[in-house]
1. Are any residues in segment 146-160 within 30 Å of the chain's Cα centre (by Cα) and over 16 Å from LYS99 (Cβ atoms), and if so, which ones?
2. Looking only at residues in segment 275-304 that are of a type in the set (A, V, I, L, M) and open to solvent by 10 Å² or more (accessible area, probe 1.4 Å), which one is nearest to GLY93 (Cα to Cα)?
3. Could you list, in sequence order, all residues of segment 420-437 that are of a type in the set (A, V, I, L, M) and surrounded by 18 or more Cβ atoms within 10 Å (Cβ to Cβ)?
4. State all residues of segment 301-325 that are β-branched (Val, Ile, Thr) and within 17 Å of the chain's Cα centre (by Cα); if no residue qualifies, say none.
5. For LYS397, which of the numbered conditions (1) open to solvent by 20 Å² or more (accessible area, probe 1.4 Å); (2) over 24 Å from LYS39 (Cβ atoms); (3) modelled with pLDDT of 95 or more fails to hold?
6. Taking the options PRO209, PRO225, name whichever one is without any contact (Cβ under 8 Å) to a residue 60 or more places away in the chain and closer than 29 Å to VAL80 by Cβ.
7. Within the bounds of segment 166-184, is there any residue that is under 22 Å from the mean Cα position of the chain (by Cα) and more than 13 Å from VAL133 (Cα to Cα)?
8. Tell me the residue from ASN335, ASN310 that is in a helix (DSSP H, G or I) and among the polar types (S, T, N, Q), please.
Amino acid sequence: MKQFLILISALAILTACNSPQPEVVNATPQGLVHPEWSKNASIYEANIRQHTAEGTFSALTTDLERISTMGVKILWLMPVHPIGEVNRKGTKGSYYSVKDYKAVNPEFGTMADFDALVAEAHRLGMKVIIDWVANHSAFDNVWTETHLDWYNLDSLGKLQPPVGTDWWDVADLNFDNPEMRAAMIDAMAFWLSEAGVDGFRCDVAGSVPTDFWNECAAALRNVNPDVYLLAEAEQIDLHENAFNAAYGWEFLHIMNGIAKGEKTLADIDSYMATKDEKIPANAYRMYFTTNHDENSWNGTEFVRFGEKGNETYAVLAFTIDGMPLVYSGQEAAMNHVLAFFEKDTVRWGEYRLQEFYTKLLKLHTTNEALWNGPFGGDFKRINSTDNENVYAFMRTKGDHQVVTICNLSDKTTKVTFENLPSGAFSPLFDNESLGAIAANGLELAPFGYHIFHTQ
């Protein structure tokens with residue numbers, strides 16, 4: 001394994017002088033870089049098993065063109081690997097119980113089918129990242145047959161789940177073992193060099209030592225300097241050398257709390273005022289109203305935000321900061337909790353919110369005020385006569401501006417605003433005029449929203 005990594009590093013050094021390198025932007029003294037293409041990217045999480053009736057790579061491939069037309073630049077595939085059978089949960093098992101890090105789940109298709117999916121995504125201008133489970137493996141992972149010392153064992157010398165969890169279908173890996181670390185990095189490098197993926201979404205990244213991720217990121221960038229890494233975590237130190245982006249869990253929890261009446265709009269103000277202390281200036285955050293965890297374990301966005309509030313909270317999350325995420329079925333307004341361990345196909349219907357999310361994602365792509373991390377615009381709250389229920393704000397980067405107005409209550413409210421910007425603004429969803437609102441105020445329906453933007 002170590003010899004493979006040394007070879008990769010050597011090849012990278014030998015070819016660096018002769019081959020043009022992908023453009024990277026905003027390097028930090030610590031070494032974190034962002035690919036040029038990522039600065040205005042949005043992301044789509046594809047639940048392969050549930051996305052189509054077939055639940056295969058090939059069936060998902062046929063839907064990629066529709067997904068790309070929404071303005072999606074990053075396609076995130078939930079784990080593609082074979083799923084463990086020992087201690088399996090449910091009939092199909094968890095994606096996150098990985099049996100072989102260098103193979104694909106035969107229920108999804110062959111490696112050739114996966115390669116075809118990646119090729120089609122690339123043809124459509126999308127990047128592909130795959131879910132990576134470094135913290136634990138299946139109990140019957142191929143490593144368990146010859147490398148028990150790669151795992152944290154119980155007092156009887158047996159495999160065990162991560163301590164403090166009910167994840168009894170997965171075995172805890174031992175990151176004190178350098179050989180296991182090398183094998184894990186080797187497996188990730190395989191997917192970059194052999195399968196052509198563009199990066200990884202790293203599951204429970206905060207449970208894995210940061211020094212491993214730093215070592216891993218350096219090795220992967222020797223394979224592909226443009227590699228993109230997303231952490232399922234919010235730890236600051238993960239961004240110093242390794243991860244381009246992390247989750248915006250805190251903001252989601254604030255929105256959930258407001259919807260339940262447990263938090264207020266002042267909590268959004270506090271978050272925006274202090275987020276720079278919690279998020280390195282060079283880092284991206286991913287913002288969302290749902291994903292596979294929220295949908296399966298905490299309820300759909302309709303359950304948490306209501307039938308009318310669902311769109312309003314998406315408008316808030318997708319324009320206030322960071323990179324927006326859409327999850328399989330979200331554009332179809334699917335109000336259904338997908339079974340996690342069984343086959344449970346997305347209810348697509350008439351794709352009722354396809355246009356809604358397309359408008360949001362394309363605005364994110366084209367208006368620099370909404371770009372990711374350090375490439376986006378400054379934030380300023382716009383006060384109104386109903387600050388307890390209406391959250392309005394402006395994002396500004398040079399001549400690029402976006403104004404968002406959200407009524408986060410179930411009541412009609414009439415409001416006037418302080419210091420709305422002047423100039424030529426276009427409405428994203430309707431025919432309202434920002435100038436008329438500045439002069440006359442606005443009546444907002446329950447969970448009403450508006451977005452205005454410069455061209």
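1. ASN152, GLN160 - these are the residues of segment 146-160 that are within 30 Å of the chain's Cα centre (by Cα) and over 16 Å from LYS99 (Cβ atoms).
2. The qualifying residue nearest to GLY93 (Cα to Cα) is VAL303.
3. Result: LEU420, LEU428, LEU434, ILE437.
4. Step one: filter segment 301-325 for residues β-branched (Val, Ile, Thr), giving 303, 312, 315, 319-320.
Listed by number, the residues that qualify are VAL315, THR319, ILE320.
5. Failing condition for LYS397: (2).
6. Exactly one residue qualifies, and that residue is PRO209.
7. No; the residues of segment 166-184 include none that is under 22 Å from the mean Cα position of the chain (by Cα) and more than 13 Å from VAL133 (Cα to Cα).
8. Details: ASN335 fails: in a helix (DSSP H, G or I).
When all the criteria are applied, what remains is ASN310.
The values are calculated or read from the model by the stated rules, or taken from the named source; none is laboratory data. Source: prediction; values computed, not measured. Cβ: placed from backbone, ideal geometry, glycine included. Neighbour counts: every protein chain shown. SASA here: full protein model, heavy atoms, side chains in, ligands and nucleic acids out. Shrake-Rupley method; radii C 1.70, N 1.55, O 1.52, S 1.80 Å.
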